[in-house]
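The block underneath contains the structure these notes are about, expressed in structure tokens.
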Amino acid sequence: MNEQGDGEPTPESTALAEQPRDARAASAKRPRRRVSVVGVLGELLITAGVLVLLFLGWQQWLGDIIEGHQLYGQSVHQSQQWIKEAGPTKAPVDPADPAAPPVITASLSTGKVFGYLYVPRFGSDYARPIAQGTALSVLNKGNLGHYATTQMPGAVGNFMVASHRKAYGGDLEHINNLRVGDHIFVGTADGWYQYSFRNLQFVTPTDVAVLDPVPDQPGLQPGDRIITLQSCNPFFSTAERIMAYGTFDKFYPIAGGPPAEIAATVTGKS
Amino acid sequence: MYAALWRALPGPWWTRLLIVLVLVAAVLSVLVLWVFPWIGELVAPQDVTVAPGA
């Protein structure tokens, strides 16, 4: 490689005579070009810092947008399948009350997605899966988790779901934007349950009385069909819990198609 | 390190810039689509439910 190493005199010996000057010129440049340990370490640390900032940007902003799109696509796919497979409308649970909506009676395994939440106030592309159980393994997949000890959609009592306020889909980021009368829909294989938002409540994380069939009224016999959406409060904190209550309005059987208010959202056709 | 990478790239400066932009876009995509969601599962688990106090 090195011409000097050959030791053979060549016609280029005149070039060799100029070699010291070239070497000097090269050594004058070298300090700027040399890859130093400190330099590489510094660049790696800067890179690490940038990666952390990128992660935070993803977690607090971009990630929820991407996951929201994925979850919405998933909901459209599942809803179309449910509509296609729609069998005869299920008989109401209570024969004495024919107006009562059907209620899921099958026992569901943890993590099983059995419905989707639609809230027009949260946007026309808002649809989030509702899965059984409130373990982090369920919630961190972007699901709203159903407290297994509470009732199912349409049942007399309290249908309660929890979700992250931000990150992991940020399902209930805008829970504080609900206004009295806003419709909240739960779509299942049977149809769509329509609830109307009534009020917000703030409690401490250990206040389990809100899980009762009549929230905050332990032991009271339920008469109403209630939905409770629950998340963290204040924003960016887990110090408190925020709850949004809604009362049941009506049921739309799957065979009749989705209610007009969310038809475009459910089917993905705008 | 990055200066050495820049010199290692072939072609005139605008070709190098194009290659760098493509590389950066590829790295960002991998991070956002796979690496960050995976890390998100591991770090700072936040309890959002109501449960009896310990």
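Computed from the coordinates by the stated procedures, all read-outs in this text should not be read as laboratory data. All of these numbers come straight from a predicted model, not from anything done at the bench. All Cβ positions, even for glycine, are placed from backbone atoms using ideal geometry, and neighbour counts span all protein chains on display.
Observations, loosely collected:
- Other-chain or far-sequence residues with amide H under 5 Å of A:Gly142's (modelled H): none
- Per-residue packing, averaged as other Cβ atoms within 10 Å, sorts the ranges A:259-265, A:239-245 into the order A:239-245, A:259-265, beginning with the highest.
- The phi torsions of segment B:12-22, fed into the Karplus equation with coefficients 6.51, -1.76 and 1.60 and a -60° offset, translate into couplings of x, 4, 6, 5, 4, 4, 4, 4, 4, 4, 4 Hz, rounded to whole numbers, with Gly and Pro shown as x.
- Exercise: per-residue mean of other protein chain Cβ atoms within 10 Å, A:52-64: 3
- Built amide H within the under 5 Å cut-off of A:Asn233, gap 5+: A:Ala239, A:Glu240, A:Arg241, A:Ile242
- Here each label is just a point 7 Å from Cα along the line to Cβ, and for A:His77 and B:Trp34 those points are 1.9 nm apart.
- Spin-label pair A:Ala135-A:Leu44: with each label point 7 Å from Cα along the Cα-Cβ axis, the two points sit 3.8 nm from one another.
- Label positions at A:Ala239 and A:Ile66, each projected 7 Å from the Cα along the C-beta direction, are separated by 3.2 nm.
- Proximity of backbone amide H atoms, modeled 1.01 Å from N, is registered between A:Asp207 and B:Ala51 at under 5 Å, excluding neighbours fewer than 5 places apart on the same chain.
- The listed peptides A:158-171, A:208-221, ordered by packing as a protection proxy, come out as A:158-171, A:208-221 (highest mean of other Cβ atoms within 10 Å first).
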